[in-house]
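What follows is one structure encoded as structure tokens, with my remarks underneath.
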Amino acid sequence: MTHMAFVFPGQGSQYVGMGKSVAETYRAAADVFARADEILQTDFSNLCWDGPESDLNQTFNTQAAIFVTSMAVMAALREAGFAAEPDFVAGHSLGEYVAYVAAGVLSFEDGLRLVRERGRLMAKAGSENPGKMAAILKLTDEQVAEICDRASAEAGWVQIANLNSPGQVIISGSSAGIDRAIELAKAAGARRAQELAVSIAAHSRLMESANAEFAVAVENTPINPPRIPVVGNISAAPLVSVAEIKSEMIGQLTHSVRWTQSVQYMITQGVNQFIEIGPKDVLTGLIKRIDKTVSRASVEDAAGIEKLLEASHD
């Protein structure tokens with residue numbers, strides 16, 4: 001028996017042109033982009049489809065753009081006749097907000113406003129407390145945690161930001177701390193330890209200045225209990241109450257994204273098919289590294305939808 005999860009990508013999956021083919025092929029997807037333009041009172045669709053890339057890559061825009069594109073792809077998938085309901089939903093960092101809409105926790109409008117505010121506040125926190133992020137490959141989670149502790153003591157605060165898959169950990173923190181952690185990781189035998197092209201130290205203590213203002217935005221947003229279990233980034237377990245969801249939304253700014261553990265949890269609950277909905281296929285690659293035995297599909301355009309429909313009819 002197939003148990004299915006929908007998963008949604010986070011920041012870093014954006015590219016100019018995303019969502020264009022689904023909007024041209026499916027009315028429901030075009031409507032999502034049109035609604036986003038209305039809500040944000042800007043020509044947001046064009047930013048996603050035509051750039052410029054420098055604007056699309058600004059955190060304030062990126063988060064909303066990935067959210068809208070993922071929602072448009074999901075609408076297209078439904079219009080195309082894919083009616084199966086997932087047993088679980090989960091999103092990587094920002095992607096969690098698409099999961100909330102899919103699970104009935106947030107309306108599209110409220111989700112978009114919240115994501116836009118999240119992007120604004122994270123960018124603001126990034127300019128107030130500059131930092132950076134780096135990827136560490138082929139060390140254990142424990143080794144990376146020790147490196148973060150040592151770099152924090154020697155140079156400046158560093159912590160684990162994302163546990164993406166076994167052997168792929170993202171760290172975040174102060175510039176000096178990250179530089180030291182990269183040196184320590186290389187000395188420990190990391191296959192790669194390199195800085196990421198991001199403008200903020202996401203999922204770290206350097207985002208704390210965003211917490212109070214974002215908490216107000218969360219409190220002012222109508223939030224419903226989930227219809228489908230949403231596996232949260234912080235706990236890697238289902239968020240069942242509105243209180244838990246609010247706590248996750250605020251805490252997620254400064255806590256690690258436990259993606260490996262989230263995927264493993266869903267697999268222990270019987271999930272054997274993961275469908276990534278949204279730009280690129282980053283999560284599909286991570287899931288393959290976490291567990292090669294489960295089925296994986298990524299859907300970001302009209303061709304991906306066709307392929308998924310064919311596979312589901314076999």
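For Gln41, all conditions in the list (1) in contact with a helix residue (DSSP H, G or I) (Cβ under 6 Å, 6 or more places away or on another chain); (2) on the phi > 0 side of the Ramachandran plot hold save one; what is the number of the exception?
(1)
Looking at region 277-293, which of its residues are in a loop (DSSP other than H, G, I, E, B) and surrounded by 23 or more Cβ atoms within 10 Å (Cβ to Cβ)?
Selection gives Gly278, Pro279.
Test of understanding: among Ala237, Ala297, which residue is closer than 28 Å to Trp49 by Cβ and small (Gly, Ala, Ser)?
Ala297
Can you pull out the residues in region 79-117 that are under 19 Å from Asn162 (Cβ atoms), part of a helix (DSSP H, G or I) and of a type outside the set (Ser, Thr, Tyr)?
The answer is Leu94, Gly95, Glu96, Val98, Ala99, Val115.
Here is a yes/no grid of residues against (1) surrounded by 17 or more Cβ atoms within 10 Å (Cβ to Cβ); (2) assigned to a strand (DSSP E or B); (3) out of contact with any Pro (no Cβ under 7 Å at 6 or more places or on another chain):
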position: Asn211; (1), (2), (3): no, no, yes
position: Asn224; (1), (2), (3): no, no, yes
position: Arg227; (1), (2), (3): no, no, yes
position: Glu244; (1), (2), (3): yes, no, yes
position: Thr260; (1), (2), (3): yes, no, no
position: Val263; (1), (2), (3): yes, no, yes
position: Met266; (1), (2), (3): yes, no, yes
position: Ile275; (1), (2), (3): yes, yes, yes
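Val218: surrounded by 14 or more Cβ atoms within 10 Å (Cβ to Cβ), in the same structural domain as Thr62 (by TED's automatic domain parsing) and touching a Phe, Trp or Tyr at 6+ places or on another chain (Cβ under 8 Å), yes or no? Talk me through it step by step, then tell me what you get.
Numbers: surrounded by 14 or more Cβ atoms within 10 Å (Cβ to Cβ): yes; in the same structural domain as Thr62 (by TED's automatic domain parsing): yes; touching a Phe, Trp or Tyr at 6+ places or on another chain (Cβ under 8 Å): no.
Taking the combined requirement at face value, the residue does not satisfy it.
So which residues in region 202-236 are among the polar types (S, T, N, Q) and touching a helix residue (DSSP H, G or I) at 6+ places or on another chain (Cβ under 9 Å), if there are any at all?
Initially, region 202-236 is screened for residues among the polar types (S, T, N, Q), giving 204, 209, 211, 220-221, 224, 233, 235.
Selection gives Ser209, Asn211, Thr221, Asn224, Asn233, Ser235.
For the list (1) over 15 Å from the mean Cα position of the chain (by Cα); (2) under 25 Å from Asp55 (Cα atoms), I need the number of the one condition that Gln269 fails.
Status for Gln269: all satisfied but (2).
Of everything in region 187-204 that's of a type outside the set (A, V, I, L, M, F, W, C), modelled with pLDDT of 95 or more and surrounded by 17 or more Cβ atoms within 10 Å (Cβ to Cβ), which residue is farthest from Glu146 (Cα to Cα)?
His203
Looking only at residues in region 7-53 that are in a helix (DSSP H, G or I) and of a type in the set (Ser, Thr, Tyr), which one is surrounded by the fewest Cβ atoms within 10 Å (Cβ to Cβ)?
Thr25
The values are calculated or read from the model by the stated rules, or taken from the named source; none is laboratory data. Everything quoted here is computed from the prediction, not taken from an experiment. Here Cβ is always computed from backbone atoms with ideal geometry, including for glycine, and neighbour counts include all displayed protein chains.
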